[in-house]
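Before any comments, here is the structure.
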Amino acid sequence: MRQSLRCWRTPHRYLELVVKHHILCADPIQRYIPPGPCTTRLTMARVKGCLLVGSVPLPDTEAVLRQCSAGMPHRLKRIPDGETGTRNWFTYHQLPVFSQASPTMITQHVLNAQLAQGEYTRQQIDEGVEKLKQAGPLKTGYDDAAIESYGVFKTLREEGVMDKGTRFQASLPTTPNVLAPFIQDAFQPQVEPIYEEALFRAMRRIQDTIPHRDLAIQIDLAVDTMYWEGVDMYKPWFGGGDMDKSRDYIVDYIVRMVSQVDNGVEVGLHNCYGKFCVFTRPTYE
């Protein structure tokens, strides 16, 4: 199975395979054999390209684009802006989106640890959610960052810093990657549709502003991978403790997010087993 960050309309069963077996196949991978009772094997061809999936420890977008292009010349079909500045530690920059509007629902976050959960009455939960709604449509800032960085990308590409066919890659998380670490468990079911809508608005504006031929969207799955593997650092607000139901729910919301991507825009999934998620190894290894 060969699948790079091309635009695809994903059948439900195929996306489930992608999520279950943590597949994000870039161009070097020519064939994938799903894990079975006898073998798990990747057949590798000569490396033709590189796929950058995370933050880059450089001061700004221009530095990232210049250094990555120079270090991997003619190998990058798509390139991110490095998530510099306030975005340099995954979703931490999303905390003010909620804390300024409804501080009652915020956790005392501790990195890679279970979080203390408060006890709330139904009235307290409803009031906290209502304050969030009254604050106006949530603004994630992902669209602002992508559009600003694309301007730098476009200028540098015109200067010849990167190849003409290179796309700008915008990375956005799914809803659990923000709610799980920063929102108290009791509020999460009601906050989910509010924040998901905000993410979708950001995706819409990105796609309305950046030409489709220039754009790739990466969907980051970190907390989702914890949920999928049954790691108990965070407790999902869905599934009721049933792993199969939880995984069905995960597939469903990823499908919803992928469905927001227009034809002509590349899209890919990033299952995170990096520094933020040092908790387990893929179950098929």
*asked:* If a residue must be at pLDDT 95 or above and surrounded by fewer than 18 Cβ atoms within 10 Å (Cβ to Cβ), how many such residues does the range 163-191 contain?
replied: 1
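Look through the range 104-136, keep the residues that are closer than 17 Å to Leu199 by Cα and at pLDDT 90 or above, and return whichever of them is surrounded by the fewest Cβ atoms within 10 Å (Cβ to Cβ). Outline the logic, then answer.
First pass over the range 104-136, keeping only residues closer than 17 Å to Leu199 by Cα: 132-133, 135-136.
Of the ones still in play, those that are also at pLDDT 90 or above are 132-133.
Values: Leu132: 22, Lys133: 14.
Per the criteria, the residue is Lys133.
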*Which one of these does Ile210 not meet: (1) closer than 21 Å to Gly54 by Cα; (2) out of contact with any helix residue (DSSP H, G or I) (no Cβ under 7 Å at 6 or more places or on another chain); (3) not hydroxyl-bearing (Ser, Thr, Tyr)?*
(2)
*Could you list all residues from the range 199-234 that are surrounded by fewer than 22 Cβ atoms within 10 Å (Cβ to Cβ), assigned to a loop (DSSP other than H, G, I, E, B) and of a type outside the set (Gly, Ala, Ser)?*
Pro211, Val231, Asp232, Met233, Tyr234
*Have a look at Val110, Val161 and point out the one that is touching a Ser or Thr at 6+ places or on another chain (Cβ under 6 Å), in a loop (DSSP other than H, G, I, E, B) and of a type in the set (Val, Ile, Thr).*
Val161
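Would you check if Phe153 is under 21 Å from Val267 (Cβ atoms) and of a type in the set (Phe, Trp, Tyr)? Break it down stepwise before answering.
Values: under 21 Å from Val267 (Cβ atoms): yes; of a type in the set (Phe, Trp, Tyr): yes.
So Phe153 fits the description; yes.
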_Residues (within 20 Å of His93 (Cα to Cα), part of a helix (DSSP H, G or I) and hydrophobic (A, V, I, L, M, F, W, C)) located in the range 130-156_ = Leu132, Ala145, Ala146, Ile147
_All but one of (1) touching a strand residue (DSSP E or B) at 6+ places or on another chain (Cβ under 9 Å); (2) closer than 23 Å to Val152 by Cβ hold for Arg204; state the number of the condition that does not hold._
(1)
*Only residues in the range 245-260 that are in contact (Cβ under 8 Å) with a residue 40 or more places away in the chain count as the first member; pair them with residues that are of a type in the set (Ser, Thr, Tyr) and in a helix (DSSP H, G or I), Cβ under 7 angstrom, at least 6 apart or cross-chain, and list the lot.*
Ile250/Tyr227
*Condition test on Gly82, is it touching a helix residue (DSSP H, G or I) at 6+ places or on another chain (Cβ under 6 Å), without any contact (Cβ under 8 Å) to a residue 60 or more places away in the chain, at positive phi and outside any helix (DSSP H, G or I)?*
yes
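Let's see how each residue does on (1) out of contact with any Asp or Glu (no Cβ under 7 Å at 6 or more places or on another chain); (2) closer than 30 Å to Gln124 by Cβ; (3) buried (at least 18 other Cβ atoms within 10 Å of the Cβ):
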residue: Val64; (1), (2), (3): no, no, yes
residue: Ser69; (1), (2), (3): yes, no, yes
residue: Met72; (1), (2), (3): yes, no, no
residue: Leu76; (1), (2), (3): yes, no, yes
residue: Pro80; (1), (2), (3): yes, no, yes
residue: Ser99; (1), (2), (3): yes, yes, no
residue: Ser102; (1), (2), (3): yes, yes, yes
*Any idea which residue in the range 93-107 is nearest to Ala186 (Cα to Cα), counting only those that are among the hydroxyl-bearing types (Ser, Thr, Tyr) and in a helix (DSSP H, G or I)?*
Thr104
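Kindly provide the set of residues from the range 241-267 that are in a loop (DSSP other than H, G, I, E, B) and either within 19 Å of Gln114 (Cβ to Cβ) or of a type in the set (S, T, N, Q) (or both), ordered by number.
The initial filter retains those residues of the range 241-267 that are in a loop (DSSP other than H, G, I, E, B), namely 241-242, 259-265.
Matches in the range 241-267: Gly241, Ser259, Gln260, Asn263.
The values are calculated or read from the model by the stated rules, or taken from the named source; none is laboratory data. Note that this is a predicted model, so its numbers are computed, not measured. All Cβ positions, even for glycine, are placed from backbone atoms using ideal geometry, and neighbour counts span all protein chains on display.
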